[in-house]
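Participant: Let me begin by handing over the structure; questions about it come next.
The values are calculated or read from the model by the stated rules, or taken from the named source; none is laboratory data. Predicted, not measured: the structure shown is a model, and the values here were computed from it. Glycine gets a Cβ as well: all are built from the backbone with ideal geometry, and neighbour counts include every protein chain shown. Note: areas computed on protein heavy atoms with side chains; ligands, DNA, RNA excluded. Shrake-Rupley method; radii C 1.70, N 1.55, O 1.52, S 1.80 Å.
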Amino acid sequence: MKKLIALILTLAMVMSLAACGGSNSGSETTNQTSESKAATETKAEAEKESTEDSDETSVEVFLKSMDSIVEVGDKVAEDGLRLQPASYYAFAGASVSALRYAVEYILWLKGEGDDLASFTAESRYVGWDQIAAVSYASPYPYYFEGLIYHVQDKKEEAKDAYVNAVINPAYPEDGVNFYYLKNKSVDELYKLRDELREKENEIYAKFNPELILIERDPCFFDTEYLRVRSREAVEAGDYKLAASYAIIAVQNDPMDVLNFKNATVCCLLANDLRKAGLYLDQGLLFAPDDEALNTLYNTLKELGGSKE
């Protein structure tokens, strides 16, 4: 049996390396990302400095855009797929949760509650790391984190968070401006918080997010970057971390079969057979003719019936 397991792991390693998307090394991807951040830093800085005077972003318009994303998830769900609709729900959920937490934070800054933790205890997700983990594809946890720094006049921290939001291609080209929230009355903010909590309940009733709580990285929206990071973790022998990167990639983009291959093999290496089976099954449901997934399925099926 040990020889058979070794065979599986060898196959998994080969597939994992192939699934990482070409020959880019982790350092090359990191360097490209650094260049991207440098190129957008000026834009983010300009936005931060001018946001008080730019056009205000309507909360109503923001929520309607999230409703549209949820509707896409609903349509995808009609096809019997499981992970694909969840990615849309997660993006909308993380974005709305980030706005709600920002509203709560502003209320706290205005003197509401004793400490932030107890004041937000009844909310579903709190803290920028936890909210970001609902969907690393959303730029809004970083944006609203920057906003909270901004309203406190913490310019350097605000700039860093805004940069992290702007490098995400899902961030609107014309930007957003919620700076005006700081000027709303306490009563108005409480009303908005309750409205946002209701919207969260609507979204999260459709799915239960799997939170992968590892050190947050502003480049986690990039699935190729995540596959490279998972490969690096495999090479370092940290299979649990490799699986975490691979799962985030599936959550971000369950329309890319490479992510299913990578998640399957990384979960196998991490000895998480349940999740390996999930991503293999879902990958085959999405791409039933994929040769690599079918090869892995047949190999596992044969070994499952072996008595050796």
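Participant: Only one of Pro169, Pro139 is closer than 30 Å to Glu78 by Cα and open to solvent by 20 Å² or more (accessible area, probe 1.4 Å); which?
Facilitator: Just a single option satisfies the conditions, and that option is Pro169.
Participant: Suppose we filter region 67-84 for residues that are surrounded by 15 or more Cβ atoms within 10 Å (Cβ to Cβ) and assigned to a loop (DSSP other than H, G, I, E, B); how many remain?
Facilitator: 2
Participant: Separate question: Do you know which of the residues in region 187-210 that are among the aliphatic types (A, V, I, L, M) and surrounded by 12 or more Cβ atoms within 10 Å (Cβ to Cβ) is farthest from Leu109 (Cα to Cα)?
Facilitator: Ranking the candidates gives Ile203 first.
Participant: Now for a different question. Can you name the residue in region 220-267 that is touching a residue at least 60 places away in the same chain (Cβ under 8 Å) and of a type in the set (D, E, K, R) and is also surrounded by the most Cβ atoms within 10 Å (Cβ to Cβ) among such residues?
Facilitator: Top of the filtered list is Arg227.
Participant: Picking from Glu104, Glu56, Glu60, Glu112, which residue would you name as being assigned to a helix (DSSP H, G or I) and either over 23 Å from the mean Cα position of the chain (by Cα) or at pLDDT below 95 (or both)?
Facilitator: Glu60
Participant: Please verify whether region 291-304 includes one or more residues that are in a helix (DSSP H, G or I), in contact with a Phe, Trp or Tyr (Cβ under 6 Å, 6 or more places away or on another chain) and not hydrophobic (A, V, I, L, M, F, W, C).
Facilitator: No: zero hits.
Participant: Keeping to region 173-186, report how many residues are open to solvent by less than 40 Å² (accessible area, probe 1.4 Å) and either free of Cβ contacts under 8 Å to residues at least 40 places away in the same chain or over 21 Å from Trp108 (Cβ atoms) (or both).
Facilitator: 3
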